[in-house]
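Data block below; observations after.
The values are calculated or read from the model by the stated rules, or taken from the named source; none is laboratory data. Predicted, not measured: the structure shown is a model, and the values here were computed from it. Cβ placement follows ideal geometry from the backbone for every residue including glycine, while neighbour counts extend to all protein chains displayed. Note: accessible area is taken over every heavy atom of the protein model, side chains too, but ligands, DNA and RNA are not part of it. Shrake-Rupley method; radii C 1.70, N 1.55, O 1.52, S 1.80 Å.
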Amino acid sequence: MKQLQIYLFLFLMIPLAVFAEDGSKLWLRFPAKNGISTSKIITKSNSATINIAKKELSSHWFGSAVELRLDPSLKNLKDGYTIKSVKNTTVISSSMENGLLYGVYHILRLQQTKVDLSKLNITEKPSYDLRFLNHWDNLDGTIERGYAGHSLWKWEDLPNKISPRYGEYARANASIGINATVLNNVNASPNMLRKDYLQKVKVLADIFRPYGIKVYLSVNFSSPKVLGGLENSDPLNKDVQKWWKDKASEIYKIIPDFGGFLVKANSEGQPGPQDYGRTHADGANMMADVLKPYGGMVMWRAFVYSPSKEDRAKQAYLEFTPLDGQFRENVIIQIKNGPVDFQPREAFNPLFGAMKKTPQMVEFQITQEYLGFSNHLVFLAPLFKETLDSDTYADGKGSTIAKLTDRSLRPEKMTAIAGVANIGEDTNWTGHHFAQANWYAFGRLAWNHNLSSDQIADEWLKMTFTDDQKFVNPVKKIMLTSRETAVDYMMPLGLHHIFANGHHYGPEPWGNYKGGRPDWSPVYYHQADRVGLGFDRTKTGSNAVSQYFSPLNEIYGNIKTTPENLILWFHHVPWDYQMKNGKTMWNELCFKYDSGVKEVRNYQNTWDSIKPYIDAERFSAVQGKLKIQQEDAVWWKDACLQYFQTFSKRPIPAEIEKPVHKLEDLKKIKLNMGHHN
Ligand code: BDP
């Protein structure tokens, strides 16, 4: 009897296992054709890339005949493409094979989201030439700021054993137009450049190549000394230069189309040219020179700050603007969206546009280091767009960050954009099912930064779950408001960096790390006192506002004209300061935290109501995560309001929910998630 039960159980489990809704398929849930007659595919080429395109079509395309046409006259579209319905054929044309593959994913997306396929007339040109994922993966398999398990890259197994996920990763990226990947952490191990590791990298590069993806590496500036045994790594030392030259030649022998280096130098303890009294330009140029013969490039990061008296938010600008014009042509400066560090909301980084002769690229963080890890549902397209659409006024009105970096305003040789990946070996790739949407949104915006958050959420939801409007409409609303909600329950009104030390999960506004760097302590950022709250970055304070072009410097310099969502970023605001809606700053702060909590509860209710429209497995996974998010939101609210109240000495308004935790208890929470800063 018992045995029969087991057999019966196993028998019932089989279909479940086959159709497990575990998120592993991402947004690529194209129905399989299962024997339905294949539509005609017309193409002359037979390369690996075209074969992938053909396979996708013959497995998933239900429509008319498709022609894949290589057309050199479309060069100006780069790896973009056109899609045209010509009689009964859908013609995809591009000057590049990658472009044809992207076109195939485009029509599959249209099919999947149920768009009319009979009269297509589409022209697509990517916003950026290079669309990067930056992995912060370490050689030991851990991931810095990764919340979806260990690294996808199995360095121990490579080059011999190959995980099927390498190909799946490449396919997912190609489907959204990502064409470049930096495999390893910016806090780079010198070992990455060892010959045995390069052989492993080669295997990945070979798998990614047909999908149009180039491989790049983060390099450690001290590699010549640590790996090569040289006396130092001074960029002006001839032996050092030769070491890099030989290394470049070795790399390109192994990976002929290797992309180049990403470098974090003289930042957070990493080595760099300044260790030898040289500048960032000296360091970047040395590497650029050795890569140039092979067409390689250097992405030099501007995320630099040192424990000095100067406001951390000012430091990248101060270090880099004097170097404008000194960088080689194949160097691009990679700049985080904000001047501090991927906060829920920051003013944009004033370095954008401030270097008139140096190409710049934006770095976003897709992994949610400061946004509740893979526990909170926070859709990041609105954050990305807020930065890209910010007008810097660098070249006059309309100088948005998008236009400064995509060649619209400046004649850049190369353009690029990067997102720090949220991908790990979890079955669903990103930890939270909805974190997949952030990988997707980054790729889509890198391809076309004019897409709206609404469009991106809409297509992602339809592809990933269902096109039933009863599901799409309410859930899309959650996604589109989720970033603002997270800001409300974590750091409203321009508050920033009041996270718990090290791991950055949860609140610790009281954090004041004696003996450590002041700019790693929350109290440095919120400056709460008897008078008020917020960081004075006006003339009376750090004068960071002076780094912005006019009229922004005046707008941000004046409390009356500063947008209220950044008021505590730029000003030390009195507790009783009257906000535009008539409330005092203190009351407004209370209402913001409270409304963040309430919103998450609304999300829970909405989610419960869409149960009939999706599979039980993903339904309950997301339901479980929302519960954590709700509890965390209350934790944030109770911690921040009760702590700030010790300065404001004002009551929490009667209309809002009373704190349920005691401040003293919250102060005792110490999560063990180990991280250095
Ligand atoms: C911060 C992270 C740290 C990274 C650093 C960086 O806390 O782990 O190494 O940025 O971007 O956000 O270099």
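Using the Karplus relation 6.51 cos²θ - 1.76 cosθ + 1.60 with θ = phi - 60°, the per-residue 3J(HN,Hα) values for the range 509-522 come to x, 7, x, 8, 8, 4, x, x, 6, x, 7, 10, 9, x Hz, with x marking Gly and Pro.
3J(HN,Hα) along the range 358-368, derived from phi through the Karplus expression 6.51 cos²θ - 1.76 cosθ + 1.60 where θ = phi - 60°, amounts to 10, x, 10, 9, 8, 10, 9, 10, 7, 5, 8 Hz, with x in place of Gly and Pro.
Restrict the search to the range 49-109; then list the trypsin sites (Lys or Arg not before Pro) that DSSP places in a loop and that have at most 14 other Cβ atoms within 10 Å of their Cβ. Numbers along the way, then the final one.
Values: sites: Lys54, Lys55, Arg69, Lys75, Lys78, Lys84, Lys87, Arg109; in loops: Lys78, Lys87.
Here the trypsin sites (Lys or Arg not before Pro) that fit, given the DSSP loop and packing criteria, are Lys87.
Work out how much length Asn88 to Thr113 would gain on full extension: take 0.36 nm times their residue separation and subtract the Cα-Cα distance, in nm to one decimal. Can you show the working numbers first?
Working: separation 25, 0.36 × 25 = 9.00 nm, distance 2.07 nm.
Length gained between Asn88 and Thr113: 6.9 nm.
When a 1.4 Å probe is rolled over the protein heavy atoms, the share of accessible surface on the range 504-577 that falls to carbon and sulfur comes to 57 percent. Residues whose amide H falls under 5 Å from that of Ala65, counting only those 5 or more places apart or on a different chain, are Lys40, Thr90, with hydrogens built in the peptide plane. Quick one: with all protein chains in place, what share of the accessible area of the range 22-123 is carbon or sulfur, to the nearest percent (1.4 Å probe)? Result for the range 22-123: 53 percent of the exposed heavy-atom area is carbon or sulfur. In a DSSP loop and with at most 12 other Cβ atoms within 10 Å, the trypsin sites (Lys or Arg not before Pro) in the range 359-436 are Lys397, Lys413. Of Lys462/Lys580; Lys55/Lys75; Lys253/Lys413; Lys397/Lys560; Lys462/Lys637, which ones are farther than 28 Å apart at the Cα? Where the Cα-Cα span goes over 28 Å, the pairs concerned are Lys462/Lys580; Lys462/Lys637. Between the alpha-carbon centres of the range 603-657 and the range 118-144 there is a gap of 32 Å. Amide H contacts for Asp71 (H built 1.01 Å from N in the peptide plane; partners 5 or more residues away or on another chain; cut-off under 5 Å): Ser94, Ser95, Met96.
Taking a point 7 Å out from the Cα of His150 in the direction of its Cβ, the residues of the range 124-138 whose backbone N falls within less than 16 Å of it are 137-138.
Give me the 1.4 Å probe accessible area per residue for the chain, excluding ligands and nucleic acids, in Å².
Values: 26390 Å² over 677 residues.
Normalised by residue count, the accessible surface of the chain is 39 Å².
For a modelled paramagnetic label at Lys611, 7 Å from Cα along Cα-to-Cβ, the residues of the range 471-486 in reach, with backbone nitrogen under 20 Å, are 471-476, 478. By the Stokes-Einstein formula, at 1.002 mPa s and 20 °C, the range 487-540 with its Kirkwood radius over alpha-carbon pairs has D equal to 182 µm²/s. Beta bridges from DSSP with both residues in the chain: antiparallel share about 30 percent, rounded to the nearest 5. Within the accessible surface of the range 130-451, defined with a 1.4 Å probe on protein heavy atoms only, the carbon and sulfur portion equals 48 percent.
Quarter the surface of the alpha carbon convex hull of the range 142-197 and you get the mean projected area, 4.7 square nanometres. Rounded, prolate or oblate: which fits the range 288-366 when a ≥ b ≥ c are the square roots of the eigenvalues of the alpha-carbon gyration tensor, with rounded for a/c under 1.5 and prolate only if a/b beats b/c? Judged from the Cα gyration tensor, the range 288-366 comes out prolate (a/c at least 1.5, a/b above b/c).
Working note: Karplus 6.51/-1.76/1.60 with θ = phi - 60° gives the range 138-147 the couplings 9, 5, 8, x, 7, 10, 5, 6, x, 10 Hz, where Gly and Pro are set to x.
From the largest down, the range 130-451 spans 49, 46, 36 angstrom on the principal axes of its Cα atoms.
Computed on the Cα atoms alone, the convex hull of the range 24-157 gives a volume of 160 cubic angstrom per residue.
Using C-alpha pairs under 8 Å with a sequence gap of at least 6, the mean separation divided by the residue count of the range 130-451 gives a relative contact order of 20 percent. Amide H contacts of Gln365 (H built 1.01 Å from N, in plane; Pro and chain starts excluded): Val420 sit under 5 Å, all sequence-distant by 5 or more or on other chains.
Rule-of-thumb check for the chain: C-alpha Rg over 2.2 N^0.38 Å? Please report the intermediate quantities before stating the final value.
On the way: Rg = 25.7 Å, N = 677, 2.2 N^0.38 = 26.2 Å.
Dividing the Cα radius of gyration by 2.2 N^0.38 Å gives 0.98.
Which of the trypsin sites (Lys or Arg not before Pro) across the range 333-370 are loop residues per DSSP, with 10 or fewer other Cβ within 10 Å?
Details: sites: Lys336, Arg345, Lys356, Lys357; in loops: Arg345, Lys356, Lys357.
Those that pass, being in a loop and sparsely packed, are Lys357.
Partners of Lys247 within straight-line reach, counting lysines whose Cα lies under 23 Å from its Cα and excluding those fewer than 8 residues away in the same chain: Lys195, Lys200, Lys202, Lys214, Lys225, Lys238, Lys264, Lys292.
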